[in-house]
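The values are calculated or read from the model by the stated rules, or taken from the named source; none is laboratory data. Only a predicted model underlies this, so the values are computations on that prediction, with no experimental measurement involved. Here Cβ is always computed from backbone atoms with ideal geometry, including for glycine, and neighbour counts include all displayed protein chains.
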Amino acid sequence: MLGWKQALRSLIRRPGFSLTVVGLLTLGIAVNTALFSVVDTVLLKPLPYPDPSRLVILMEASPAKAQKESLVAPQRLEDWNRLSRTFSAIAGSYSENVTDTSGAEPQRLNGRRVSPRYFQVFGVKPVIGRTFVADEERFGGPQAAVISYGLWDRSYGRDPHILSRRLLIGGQSFRIVGVMPPNFVSVSVDVWIPAQHPAWMMRQRNARFYTGVGRVKPGFSHDQARADLVSVQHALGEQFPQTDKDWSVAVSDYKERVVGDAGRPLWLLLGSVAMLLLITVTNVAGLVLAQLHQRERELAIRASIGAARRQVVSSVMREIVLLAMAGAFAGWALAAASIRLIAREFASLPRITELALDWHALAFAMAAGFLGAAGFGLLPALRATRADLTAGFLRMGRSVAGGQRLQRTLVAGQIALTMALLAGAGLLARSFYNLSQVDLGFRADNVVSFHVGAAWDENRALIGRLQEQLVAELKRLPGVASAGITNFLPASGATLRYQASLEGVARGEDEGKMPVGERTVSPGYLQALRAPLLAGQWCPEIKLDFKAAAKAMVNRRFADVYARGVDVVGRRLTLDVVPMEVVGVIGDLKEDSIAGPAYPYVYYCSVGGAWPDPEYVVRASGDVRSVLGSIRALVHSIAPNRAVFGVRTVEDAIGDDLDRPRSNARLLALFALSALVLAAVGLYGLVAQMVTAQRREIGIRMAIGAEPWRIVKTIVSGAGWLILTGVVAGFAITLAARPLLGSLLFGVSSFDLISLAIAALLLALVSALAAFLPATAAARIDPIETLRAE
């Protein structure tokens, strides 16, 4: 204990050094701990369900060559559940926004319609109440709802009597029967409602709109479960050849589907901040080494009076451990204080609602502190307590070449890691710029979109009349150029896929197997986006007429891939089993994603009420903000009991697709600039220390006639070799990271010479400046004063 007290007193006597080391470690460990918590939450922690490894996502495997998966029809879910022997339960769900009018103001809720056994699959108990019983899951049964913990907290103040409350949705009263735990799902859901499909819907085996989920029985692997369901589906294909033949089943791990493609950028960012921590540690090691050089006389005295080397190293390492633990605890506290900011920064990630700094984060911070102590303390301590300490006492200050070699190695490592971070940031920045410059195929300026609350089980004629009236009135508003509806905006992630055939064109093995994307639109929507009409005419205006002949438009990619040079206008197109006439061809819009290639798309000309909850899209003649008030007032006058929600400009909606690339580039640039500053500080400290150690030599050279500029040239050129070594090593690190980095880039190679050259030039300029400043100080040394001091 006495040794630890002496170490603490020693650090207190050197407050500048101690605070600098603790400050650097605090920042490095805080950033690493925070990002480790994100990676741990999203990628490493098991899902918050009992035995989560047995959960799987179930999709129909499409017979189309270019589209592997499709959503599942409700009856097929029931067939799979009834006939499979490897699943304890199979269910499904689909998203449906609903409007609750039970309060003073209509409230839009993120809803999920669920099939029977949905909560049974997950095996999670509500925090209050229960989940659905069989009677509530059948058609015509009692109306019930299970709400999320977030809705319970936000709208009901965690009312313990919540089970006595009701929701009013679509004019129907739903009794709240339970509240699910906070982390039950990784996406934003407010309420779960039983789907309660009628018998006629269950007979529609082509109506694919469920995402299936299942729990594999103990004793069976995922591969065995997949083989079982493939066999079941093959039997269904023989029983229902028109709808099920050639279809199969896709089974995938639930966690892998929840996480999606979030893993690669997260591992890249974690690797980047680990580099930043390593640079911090090497910088601190340089500070410690310089500090031990200043204390070399003290250490030599200890050795000369009989202290063993082990005792001297132990006394130094106790100081290092105290600094490391202070940095670790302070870093963990700073990470905990910034957890909300981190959650907002990564809001688009799955499972981010589960983010919290738990014992995993504390253990990580402590481990980083201990490893940092070993990294930046032990080697300098061993170096400073080498066997010739007593001799060093007799020639103090004459030679620090060994220490400088170690510090040169540390600084070269900093430069190499900084080069890798700068190169990665430059590549991601260029990739983001390329994405932002992609031709979308339409114009998003001065266009706003919004929703008007409507449910799928409402009267379609009523919804159709509302849509017809609302679109017509929107067009008449002052300042509105055009208005229409669509089921999904471009680049929204809604990749609906169907099978199509085109009269007189498709033949051979392609017959009836042309995979296409689908959008349900009105002409005003396409005109609001200024989509180019290439052939034919626009869709007819939206009308409430379910008996009218269906019409559609296709995009250029559809015509190029499937029409094979034949004019498609006027031809009959069959989408799954629905026949329609092609009335026009438009240009390619970036429907799936900004980065993705154009895909064949069919634009079904909407009939009023065909899609109850569409995106209403309005183009303003001028600034779109000038018409927002008029739009809200119009909707309120036509449908006062319906909520207006999701109001945003189309530019903002498209920008959502750029959020993650933008965030990746911004964060890596921040890390790279931080590393650049640290590397410059490390190089500056090294050169300054060299100048101090060689002060007598420099004075002698100047006394015998050396010009100041030659002194500067010698020092800077010596640092230049160090910079060059670090840059070359940084190139090697960048090359090693190509597989991970390349997967995140768009329109730029992971070995883009321009980006790498800019990174190298920036690093060289900053490093040269860091070396030049102490070199100019050396050139101002007074040789007479130096020789007199010696």
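The condition of being over 30 Å from residue 776 (Cβ atoms) and not in a helix (DSSP H, G or I) does not hold for residue 740.
Candidates 440, 417, 410: the one that is modelled with pLDDT of 85 or more and not assigned by TED's automatic domain parsing to the domain that holds residue 470 is 440.
Scanning the range 177-196 for residues that are among the charged types (D, E, K, R) and surrounded by fewer than 20 Cβ atoms within 10 Å (Cβ to Cβ) yields nothing.
Quick check: anything in the range 572-579 under 32 Å from the mean Cα position of the chain (by Cα), in the same structural domain as residue 459 (by TED's automatic domain parsing) and crowded, with 22+ Cβ neighbours inside 10 Å? Show your work before the answer.
To start, the set of residues in the range 572-579 that are under 32 Å from the mean Cα position of the chain (by Cα) comprises none.
No, the range 572-579 contains no residue that is under 32 Å from the mean Cα position of the chain (by Cα), in the same structural domain as residue 459 (by TED's automatic domain parsing) and crowded, with 22+ Cβ neighbours inside 10 Å.
Taking the range 605-631 as the region of interest, how many residues are on the phi > 0 side of the Ramachandran plot and at pLDDT 90 or above? Write out each step before concluding.
Keep residues of the range 605-631 that are on the phi > 0 side of the Ramachandran plot, which gives 609.
Now drop any that are not at pLDDT 90 or above, which leaves none.
Within the range 605-631, residues that are on the phi > 0 side of the Ramachandran plot and at pLDDT 90 or above number 0.
Is the range 455-462 home to any residue that is of a type in the set (A, V, I, L, M), in the same structural domain as residue 538 (by TED's automatic domain parsing) and assigned to a helix (DSSP H, G or I)? Scanning the range 455-462 turns up at least one residue that is of a type in the set (A, V, I, L, M), in the same structural domain as residue 538 (by TED's automatic domain parsing) and assigned to a helix (DSSP H, G or I). Selection within the range 133-158: residues that are under 34 Å from the mean Cα position of the chain (by Cα) and over 18 Å from residue 111 (Cβ atoms). The member of this set that is surrounded by the fewest Cβ atoms within 10 Å (Cβ to Cβ) is 157.
Of all residues in the range 82-92, one or more are assigned to a loop (DSSP other than H, G, I, E, B) and surrounded by fewer than 17 Cβ atoms within 10 Å (Cβ to Cβ).
Picking from residues in the range 212-233 that are touching a residue at least 40 places away in the same chain (Cβ under 8 Å) and within 19 Å of residue 245 (Cβ to Cβ), the one that is surrounded by the most Cβ atoms within 10 Å (Cβ to Cβ) is 229.
For the range 525-544, what are the residues that are at positive phi and of a type in the set (D, E, K, R)?
So in the range 525-544, the residues at positive phi come out as 530, 536.
Result: 530, single match.
Say whether the condition of being among the aliphatic types (A, V, I, L, M) and either closer than 24 Å to residue 541 by Cα or part of a strand (DSSP E or B) (or both) is met by at least one residue in the range 657-664. Steps first, answer last, please.
Taking the range 657-664 and keeping what is among the aliphatic types (A, V, I, L, M), we get 658.
Okay, now just the ones that are also either closer than 24 Å to residue 541 by Cα or part of a strand (DSSP E or B) (or both), so none.
Within the range 657-664 (the criterion being among the aliphatic types (A, V, I, L, M) and either closer than 24 Å to residue 541 by Cα or part of a strand (DSSP E or B) (or both)), the answer is no, since none of the residues qualifies.
Any chance the range 369-378 includes a residue that's in a helix (DSSP H, G or I), modelled with pLDDT under 80 and over 40 Å from the mean Cα position of the chain (by Cα)? Don't jump to the end; show me each part of the working.
First, pick out the residues of the range 369-378 that are in a helix (DSSP H, G or I): 369-378.
Imposing the further condition that a residue be modelled with pLDDT under 80 reduces the set to 369-378.
So of that shortlist, the ones also over 40 Å from the mean Cα position of the chain (by Cα) come out as none.
No, that holds for no residue.
Exactly one residue among 89, 73, 104 is within 30 Å of residue 643 (Cβ to Cβ) and not β-branched (Val, Ile, Thr), and that residue is 104.
Within the range 40-62, track down each residue that is touching a Phe, Trp or Tyr at 6+ places or on another chain (Cβ under 6 Å) and not hydroxyl-bearing (Ser, Thr, Tyr). Working first, answer last.
Of the residues in the range 40-62, the ones touching a Phe, Trp or Tyr at 6+ places or on another chain (Cβ under 6 Å) are 49, 55-57, 60.
Once the filter is applied, which keeps residues that are touching a Phe, Trp or Tyr at 6+ places or on another chain (Cβ under 6 Å) and not hydroxyl-bearing (Ser, Thr, Tyr), the range 40-62 yields 55, 56, 57, 60.
Residues that are touching a helix residue (DSSP H, G or I) at 6+ places or on another chain (Cβ under 8 Å), among the hydroxyl-bearing types (Ser, Thr, Tyr), assigned to a strand (DSSP E or B) and over 30 Å from residue 364 (Cβ atoms): does the range 93-112 have at least one? Yes; the residues of the range 93-112 include at least one that is touching a helix residue (DSSP H, G or I) at 6+ places or on another chain (Cβ under 8 Å), among the hydroxyl-bearing types (Ser, Thr, Tyr), assigned to a strand (DSSP E or B) and over 30 Å from residue 364 (Cβ atoms). Among the conditions (1) under 34 Å from the mean Cα position of the chain (by Cα); (2) among the small types (Gly, Ala, Ser); (3) closer than 24 Å to residue 69 by Cβ, the only one that residue 235 does not satisfy is (1).
Being outside the structural domain of residue 165 (by TED's automatic domain parsing), in a strand (DSSP E or B) and more than 27 Å from residue 156 (Cβ to Cβ) narrows it down to one residue among 58, 25; which is it? If you could, list the steps in order and put the result at the bottom.
On the way: 25 fails: in a strand (DSSP E or B).
Within the list 58, 25, the selection yields 58.
For residue 620, indicate whether it is in contact (Cβ under 8 Å) with a residue 60 or more places away in the chain, of a type in the set (Gly, Ala, Ser), under 30 Å from residue 414 (Cβ atoms) and not assigned by TED's automatic domain parsing to the domain that holds residue 279. For residue 620, the condition - in contact (Cβ under 8 Å) with a residue 60 or more places away in the chain, of a type in the set (Gly, Ala, Ser), under 30 Å from residue 414 (Cβ atoms) and not assigned by TED's automatic domain parsing to the domain that holds residue 279 - is not met. As a summary of the residue check, residue 602 satisfies the conditions (1) outside any strand (DSSP E or B); (2) at pLDDT 90 or above; (3) buried (at least 20 other Cβ atoms within 10 Å of the Cβ) except for the one numbered (1).
Kindly state which helices (runs of 4 or more DSSP H) lie completely within the range 191-283 and contain at least 3 residues that are touching a strand residue (DSSP E or B) at 6+ places or on another chain (Cβ under 9 Å) and modelled with pLDDT under 90. By residue number, 254-259.
I'd like the residue in the range 487-519 that is modelled with pLDDT of 85 or more and of a type in the set (S, T, N, Q) and, out of all such residues, is nearest to residue 657 (Cα to Cα). This residue is 487. The residue that is nearest to residue 209 (Cα to Cα), counting only those in the range 540-578 that are charged (D, E, K, R) and touching a Phe, Trp or Tyr at 6+ places or on another chain (Cβ under 7 Å), is 576.
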